[in-house]
Amino acid sequence: MTNQLPATNTALPGVIPIVDQNPSSLSSLLNSEQTTTTRSESASFFSASPPRSPPSSISDSSDQPASSSFTTTSPPSCFKDVLLDPLADLLASIRLSLYSLFQTLIIYLFAPNPQAISLDEPSSNPLGRIAIVGAGITGISTAAHFLAHGFEVVIFEQAESIGGIWSRVNSTSSLQLDSMMYRFHPSVKWSNHFPVRKGEILSELQKIWDDYRLSSRTRFNFTVKQVNREKSSEDQPSKWTINNGADGVFDGLVVAVGTCGPAQRIDFIGRELFQGKMVHSSELDQVDWAGKRVVVIGGGASAVEAVELAVQSGCATPAIMVTRTDKWFIPRSLFFGTLLAMNPFGIPCFLDQLAESAIRVYHYGADLTWMSPSAYNGQPADRLYSKTPIVNDDFLKLVRENRADYVRAKIERISPLGVEIQRFGLDEPETVPAHVIVEATGYKRPYLGFLPTQQLFSGAKAPNQYTPPNLFLQHFVTNDWSCLMTNAGYYEGLGTVGFIHIGIFARMMMMFLLDDATAPSTAEMHRWVDRILQVKGCLTFYTYAELSIWLSSFMLSNPRRWSWIAFVGMGAGGLGAHKIKTS
């Protein structure tokens, strides 16, 4: 029998009933709906678990009666205040001190020494010249590695400042994972495991930019319109020029444009009629959340961040997240994240079932198992090792406390008073009232039309056969190793794009430039990509263990590369390519 939404205010748990009234304004609708959005005391619509408390039982502190001055502290509370809390604080302080010490050790052992880099004038006799498109974390980190090892670089950045996507997101945005997994350069030193916010990330990036003398080597407000590739013969590496060639000829090209281009906005029917405020998830700094009904469209990390910010800023609860597809939520734990990233296969397999079962039991719990990815709307559930999971603990807590709600539905239209949705499994549409609608719909892929795509991406089977993500080792252009697209070919993964591989791939390109016998042939790169596609079906998802296996097997497959392993893997302790070359 088909489920029907109730016609009265006795709503199913988690279901906002159809709006039958015809109020004249958004305000009157929201006032009239105060009772209809309260959860029922019956069993959950999404699971057989006991019902959660209605929102009325979890009100803001301003709605709570003042505590009596005669309230006494129970012995358990006294024990917690006197012993457990100070002990927890002490352990946290020790953990933070050890983390700081560990980062200091990493800096001492692996951070390349910038002292030999000239401040203003480029080196008169560099080992090579590298053009880098983009001044985000990948571009700046890559430039610092090349400079410290005897190369010269020019960074081309279309914005007026460094930072890439981090310069464009909200001031409250932060890493969603443990900062240990976001060490995009060896000299980075984070203040904490979590949270690490936008300001600190940009501050660390600025420090690298300053320390490695990148100011005179960066062209701001520079739009790369055309990259030209010249190749005299198959045996000789390519040469590159940017636009009209005014900056000279380059021996290598690094495309560090990242994964996030312009904000992605959906052309929802009726959006121009909405009476409230509708913003993209990257434009939340100026939103007045207090007392507002909030609907977030989307199911990714930016949607979760928007819901958390709205609730923390005092919006009317529950804040509603409407999503068409599920993503896995995994614990914000360095140990657990590393364990999951150690899957060497990078495809759905028996490890999925073990990991998914453990996550459902120990992270979601019996009461929120219904939120884990499942088959609905005629679509199979996404497996853990097929899409990038959301690293988060707080959102599940908000759902448990009825301060947030998770709704699977299709967006029918934007109405003047909210969002009209069609829940999967129900026949009738409903209107979710809102003052604020957040489009957490992600970003378009960055523009790559400035590249000579026919030369770089064509194959025997199709002119776009080797376009990203079909790249050699996930980062080198398959038709030319002198074009490195670090992180620009990333789509989905379990690990992070801002990690130690940035330096590893930069040093690998240095190895190719300094010792051409170590460089792969075009045929070798084609065979690698074709073989991976045959085994996996696609290169849109990979784990960090999988990437490590690829890198290791490549370095070991040619004896000429063996003497470079220490340099490529660890920077040879900061000695640099020049000393290795001349030793």
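Restricting the range 559-576 to residues that are at pLDDT 50 or above and aliphatic (A, V, I, L, M), the residue that is surrounded by the most Cβ atoms within 10 Å (Cβ to Cβ) is V568.
Residues checked against (1) in contact (Cβ under 8 Å) with a residue 40 or more places away in the chain; (2) in the same structural domain as Q465 (by TED's automatic domain parsing); (3) in a helix (DSSP H, G or I); (4) among the hydroxyl-bearing types (S, T, Y):
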{"position": "L539", "(1), (2), (3), (4)": "yes, yes, no, no"}
{"position": "Y542", "(1), (2), (3), (4)": "yes, yes, no, yes"}
{"position": "F554", "(1), (2), (3), (4)": "yes, yes, yes, no"}
{"position": "F567", "(1), (2), (3), (4)": "yes, yes, yes, no"}
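I need the full set of residues from the range 505-549 which are within 17 Å of I347 (Cβ to Cβ), of a type in the set (F, W, Y) and either in contact with a Cys (Cβ under 6 Å, 6 or more places away or on another chain) or crowded, with 21+ Cβ neighbours inside 10 Å (or both), in order please. Result: F541, Y542, Y544. Just so you know, in the range 101-120 the residues that are part of a helix (DSSP H, G or I) and among the β-branched types (V, I, T) include one that is nearest to L147 (Cα to Cα), and it is I107. For the range 400-408, check the following and say yes or no: at least one residue is in a loop (DSSP other than H, G, I, E, B), of a type in the set (D, E, K, R) and buried (at least 18 other Cβ atoms within 10 Å of the Cβ). Yes: the range 400-408 contains one or more residues that are in a loop (DSSP other than H, G, I, E, B), of a type in the set (D, E, K, R) and buried (at least 18 other Cβ atoms within 10 Å of the Cβ). For the range 101-130, how many residues are within 16 Å of S187 (Cβ to Cβ) and in contact with a Phe, Trp or Tyr (Cβ under 9 Å, 6 or more places away or on another chain)? So the count comes out to 4. Looking at the structure I just gave you, is Q422 within 27 Å of A519 (Cα to Cα), more than 25 Å from the chain's Cα centre (by Cα) and not in a loop (DSSP other than H, G, I, E, B)? No; evaluated as a whole, the condition is false for this residue.
For the range 301-340, a residue qualifies if it is at pLDDT below 95, small (G, A, S) and surrounded by fewer than 20 Cβ atoms within 10 Å (Cβ to Cβ), and exactly one does: S333.
A search for C-beta distances below 9 Å between a residue of the range 453-464 that is touching a residue at least 24 places away in the same chain (Cβ under 8 Å) and any residue that is among the charged types (D, E, K, R), counting only pairs 6+ apart in sequence or on different chains, returns Q455/R229; Q455/K231; Q455/D480; L456/R229; L456/D480; G459/D530. Once the range 374-396 is narrowed to residues that are at pLDDT below 90 and crowded, with 20+ Cβ neighbours inside 10 Å, the residue that is nearest to A306 (Cα to Cα) is K387. What do you reckon, is V249 β-branched (V, I, T), surrounded by fewer than 18 Cβ atoms within 10 Å (Cβ to Cβ) and touching a strand residue (DSSP E or B) at 6+ places or on another chain (Cβ under 6 Å)? Yes, satisfied. Name the pairs: first residue in the range 425-452 and over 30 Å from L484 (Cα atoms), second residue of a type in the set (K, R) and buried (at least 21 other Cβ atoms within 10 Å of the Cβ), Cβ to Cβ under 6 Å, at least 6 apart or on different chains? Here the result reads P433/R293; A434/R293; H435/R293, each pair linking the range 425-452 to a residue that is of a type in the set (K, R) and buried (at least 21 other Cβ atoms within 10 Å of the Cβ).
Selection within the range 191-218: residues that are part of a loop (DSSP other than H, G, I, E, B) and touching a Phe, Trp or Tyr at 6+ places or on another chain (Cβ under 9 Å). The member of this set that is surrounded by the fewest Cβ atoms within 10 Å (Cβ to Cβ) is N192.
Listed here are the residues, each with its yes/no results for (1) under 22 Å from A341 (Cα atoms); (2) without any contact (Cβ under 8 Å) to a residue 24 or more places away in the chain; (3) not acidic (D, E).
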residue: T467; (1), (2), (3): no, yes, yes
residue: F472; (1), (2), (3): yes, no, yes
residue: V477; (1), (2), (3): no, yes, yes
residue: L484; (1), (2), (3): no, no, yes
residue: T496; (1), (2), (3): yes, no, yes
residue: F505; (1), (2), (3): yes, no, yes
residue: S521; (1), (2), (3): no, yes, yes
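The values are calculated or read from the model by the stated rules, or taken from the named source; none is laboratory data. On a predicted model such as this, the values are computed, not experimentally measured, just so you know. As a convention, Cβ positions derive from the backbone with ideal geometry for all residues, glycine included, and neighbour counts pool all protein chains shown.
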